[in-house]
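Novice: Okay, here's the structure, questions in a sec.
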Amino acid sequence: MTDAERTARETFYSNLVWVIDGRGFRDNFDIYHLLPAPESEIAKDLVWSKAKRHMHGANRGMFFRWSEYLQEHPGASKAAVKSVWIHGIGDIEDQVNQAYRGHHQYDWVRPRRVWLDAAAPVYIDFGDDHLVRLETYDASGLLCIKLVARQKFLHDVMVEARNTEIATRFYPLPTIDQRSE
């Protein structure tokens with residue numbers, strides 16, 4: 001689908017969701033470490049290193065604390081960050097698990113750009129018990145995914161009036177294969 005076609009459909013229907021068959025590019029889509037819910041208290045102080053295929057440290061979860069950076073650089077903006085103290089997710093694993101609501105970092109090798117630029121919610125169906133919703137995690141612009149149980153998605157599509165209300169409540173999912181290498 002072209003950008004023009006996607007935009008035309010989003011404009012015409014205005015309350016749609018995209019569900020993409022991801023089986024053809026599953027080998028190019030890696031799901032990495034858990035992220036705390038973006039609205040959680042812990043998430044507000046963390047800036048994550050972008051996970052990417054073959055970047056093993058970042059794929060396991062590397063971050064810096066915004067509060068630590070501000071102590072040395074008062075008034076700095078996140079766009080101006082140069083060097084920081086990097087931490088591993090093991091330092092905050094319990095806190096991340098408590099604040100987890102389905103978000104993960106991911107890397108999509110040769111992504112379908114048309115879906116990254118969509119205005120309507122985009123869900124990718126890899127044929128599992130869950131769908132993957134493409135999202136932007138926080139003000140840093142970090143792209144992430146949110147896992148959504150297939151049954152929850154189907155239920156919400158039938159009962160919710162707005163596309164933005166689909167899969168807004170979290171229900172823990174079974175463990176999935178998290179390929180990190």
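Novice: Testing Val148 on (1) surrounded by 18 or more Cβ atoms within 10 Å (Cβ to Cβ); (2) β-branched (Val, Ile, Thr); (3) within 8 Å of the chain's Cα centre (by Cα), one condition comes back false. Which one is that?
Specialist: (3)
Novice: For the stretch 102-137: of the residues being among the charged types (D, E, K, R) and within 26 Å of Ser14 (Cβ to Cβ), which is surrounded by the fewest Cβ atoms within 10 Å (Cβ to Cβ)?
Specialist: By that ranking, first place goes to Arg113.
Rundown of residues vs (1) β-branched (Val, Ile, Thr); (2) at pLDDT 95 or above; (3) in a helix (DSSP H, G or I), yes/no style:
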{"position": "Arg9", "(1), (2), (3)": "no, yes, yes"}
{"position": "Phe12", "(1), (2), (3)": "no, yes, yes"}
{"position": "Val19", "(1), (2), (3)": "yes, yes, no"}
{"position": "Phe25", "(1), (2), (3)": "no, no, yes"}
{"position": "Leu34", "(1), (2), (3)": "no, no, no"}
{"position": "Glu39", "(1), (2), (3)": "no, no, no"}
{"position": "Ala43", "(1), (2), (3)": "no, no, yes"}
{"position": "Lys50", "(1), (2), (3)": "no, no, no"}
{"position": "His54", "(1), (2), (3)": "no, no, no"}
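Novice: Identify the single condition in (1) out of contact with any Pro (no Cβ under 8 Å at 6 or more places or on another chain); (2) more than 28 Å from Ser14 (Cα to Cα); (3) surrounded by 17 or more Cβ atoms within 10 Å (Cβ to Cβ); (4) β-branched (Val, Ile, Thr) that Val96 does not satisfy, given that it satisfies every other one.
Specialist: If we test Val96 against (1) out of contact with any Pro (no Cβ under 8 Å at 6 or more places or on another chain); (2) more than 28 Å from Ser14 (Cα to Cα); (3) surrounded by 17 or more Cβ atoms within 10 Å (Cβ to Cβ); (4) β-branched (Val, Ile, Thr), just (1) comes out false.
Novice: Would the stretch 15-35 turn up any residue that is surrounded by 17 or more Cβ atoms within 10 Å (Cβ to Cβ) and more than 27 Å from Ile166 (Cβ to Cβ)?
Specialist: We begin by selecting, within the stretch 15-35, every residue surrounded by 17 or more Cβ atoms within 10 Å (Cβ to Cβ); these are 17-18, 20, 22, 29-35.
Those left that are additionally more than 27 Å from Ile166 (Cβ to Cβ): none.
No - not one qualifying residue is present in the stretch 15-35.
Novice: Please find, within the stretch 36-54, the residue that is farthest from Arg162 (Cα to Cα) out of those that are in contact (Cβ under 8 Å) with a residue 24 or more places away in the chain and among the charged types (D, E, K, R).
Specialist: Checking each candidate, the answer is Arg53.
One line per residue, one yes/no per condition, for (1) in a loop (DSSP other than H, G, I, E, B); (2) under 30 Å from Met1 (Cα atoms); (3) of a type in the set (Val, Ile, Thr); (4) under 18 Å from the mean Cα position of the chain (by Cα):
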residue	(1), (2), (3), (4)
Phe63	no, no, no, yes
Asp94	no, no, no, no
His103	no, yes, no, yes
Tyr106	no, yes, no, yes
Ala120	yes, yes, no, yes
Tyr123	no, yes, no, yes
Ala139	yes, yes, no, yes
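The values are calculated or read from the model by the stated rules, or taken from the named source; none is laboratory data. A quick note: this is a predicted structure, and the numbers were derived from the prediction, not measured. Using ideal geometry, Cβ is built from the backbone for each residue, glycine included, and neighbour counts are taken over all protein chains shown.
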